[in-house]
1. Once every Cα of region 78-307 carries one equal point scatterer and solvent is ignored, give the base-10 log of I(q)/I(0) from the Debye formula at q = 0.15 Å⁻¹, two decimals.
2. For a footprinting-style exposure proxy, rank ARG63, ARG232, ARG220, ARG249 by other Cβ within 10 Å, fewest first.
3. So for region 132-232, averaging the separation of alpha carbon pairs under 8 Å that are six or more residues apart and normalising by length, what relative contact order in percent results?
4. Do any of LYS168/LYS289; LYS141/LYS168; LYS135/LYS266; LYS74/LYS190; LYS250/LYS280; LYS141/LYS165 go past 21 Å between their Cα atoms, and which?
5. Listing SER268, SER59 from the residue with the fewest other Cβ atoms within 10 Å to the one with the most, what is the order?
6. Only counting other Cβ atoms within 10 Å, I'd like TRP281, TRP129 sorted with the fewest neighbours first.
Amino acid sequence: MRRVRLYTNVSLECIRRHFATAAKFHCCNSNQTIARNEAFSEKTKQNGLKAEKNIVRSSSLRREVYEELINVEKVAGIKWRRFPAITKLLKGHRRSELTVFTGNTGSGKTTFLSEYSLDLCTQGVRTLWGNFELKNVRLMKLMLNQFAQLPLNKHIEQFDEYADKFEKLPMFFMKFHGEQSFDYVVDTMKYAVENYNIEHVIIDNLQFMIGNTRISKIDRFEYQDMVIGNCRKFATNNNCHVTLVIHPRKETTEELNINSIFGGGKASQEADNVLILQTKWSTNFKFQKYIHVCKNRYDGDLGLIPISYSKETHGFGVNLRSKKGPNLPKANETIIKFDLNDKQSDVESENEVTVRTALN
């Protein structure tokens with residue numbers, strides 16, 4: 001009987017300890033649960049406050065919309081003087097945009113883009129050139145001839161005069177040539193924006209810059225898409241226009257289109273503007289070059305602009321020295337009629353644009 005009582009007392013003591021431990025554990029778990037719930041609620045509240053900053057009402061945008069409507073020319077951006085037909089299509093050069101420029105090898109992309117950017121730079125657009133295919137000495141030699149609109153090798157006595165004027169332009173060059181790490185290039189671009197207030201960055205060209213880069217398991221096409229996406233992000237975050245030159249695919253078709261850009265569809269999707277330097281050959285081995293504006297996010301005007309290279313000016317633009325464009329089609333000649341669906345039309349409508357080459 002005494003042994004039974006002893007066992008009973010021991011069993012009761014074990015039960016009491018078990019319940020005491022369970023109660024303590026339950027209390028601890030309850031406190032932890034409450035703490036976790038409070039932390040989750042606080043985190044949700046903080047996320048809500050952050051998310052609220054990402055929402056804006058139309059009343060907050062009203063004034064900015066009004067300012068854009070009454071300052072149409074200012075909002076449209078800087079006008080090209082040497083390429084008035086491009087101005088009539090794109091309306092101007094604006095910050096925070098991405099322009100993709102393509103054309104066949106040897107068609108004159110760098111020559112055109114050099115004068116295109118120089119035109120803007122002479123109007124105060126602070127420009128940073130990154131040419132990974134051509135050395136800076138060769139590029140500056142080309143620009144200096146285009147700036148003077150004279151073959152300086154035949155007018156060497158005027159070299160110092162134009163070189164002194166050129167040095168006053170806000171034109172900068174990256175010291176890169178050939179394949180480079182894009183992270184290193186972006187760091188240079190950011191430094192230039194922060195310290196030199198750069199407004200226009202040109203990368204010529206994407207394939208030369210990335211070379212045969214392989215990043216872990218990412219193939220070349222994925223890496224190229226990543227670079228394009230980062231260029232888009234850079235332009236937006238730094239209020240800077242980025243012009244990116246990309247070679248087209250190797251195709252048998254004579255005329256390029258927006259789908260001819262090398263790689264996936266990332267370039268044409270991210271770009272605000274897509275320009276193609278087209279070369280059309282005739283049966284007698286003569287050719288016609290023209291700029292094809294096949295994407296224009298600003299107002300949708302699309303079309304073709306004939307251009308011709310001048311050995312005198314080393315460029316494609318209007319000769320400002322003579323106030324005329326001897327290398328362009330006849331005055332008042334209609335050179336484009338494109339609708340927003342990028343289809344040619346014989347009849348103008350409100351969605352079409354007619355560009356005339358003569359300066360008004």
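Coordinate-derived values only; no laboratory data. Everything quoted here is computed from the prediction, not taken from an experiment. Neighbour counts are summed over all protein chains in view; Cβ atoms, including those assigned to glycine, are modelled from backbone coordinates with ideal geometry.
1. Here the Debye-derived log intensity ratios amount to -1.05.
2. Going from sparsest to densest Cβ surroundings: ARG63, ARG249, ARG220, ARG232.
3. 32
4. Details: LYS168/LYS289 32 Å; LYS141/LYS168 16 Å; LYS135/LYS266 28 Å; LYS74/LYS190 26 Å; LYS250/LYS280 16 Å; LYS141/LYS165 14 Å.
Over 21 Å Cα-Cα: LYS168/LYS289; LYS135/LYS266; LYS74/LYS190.
5. Going from least to most buried by this count: SER59, SER268.
6. Numbers: TRP281 10, TRP129 25.
By the 10 Å Cβ count, ascending, the order reads TRP281, TRP129.
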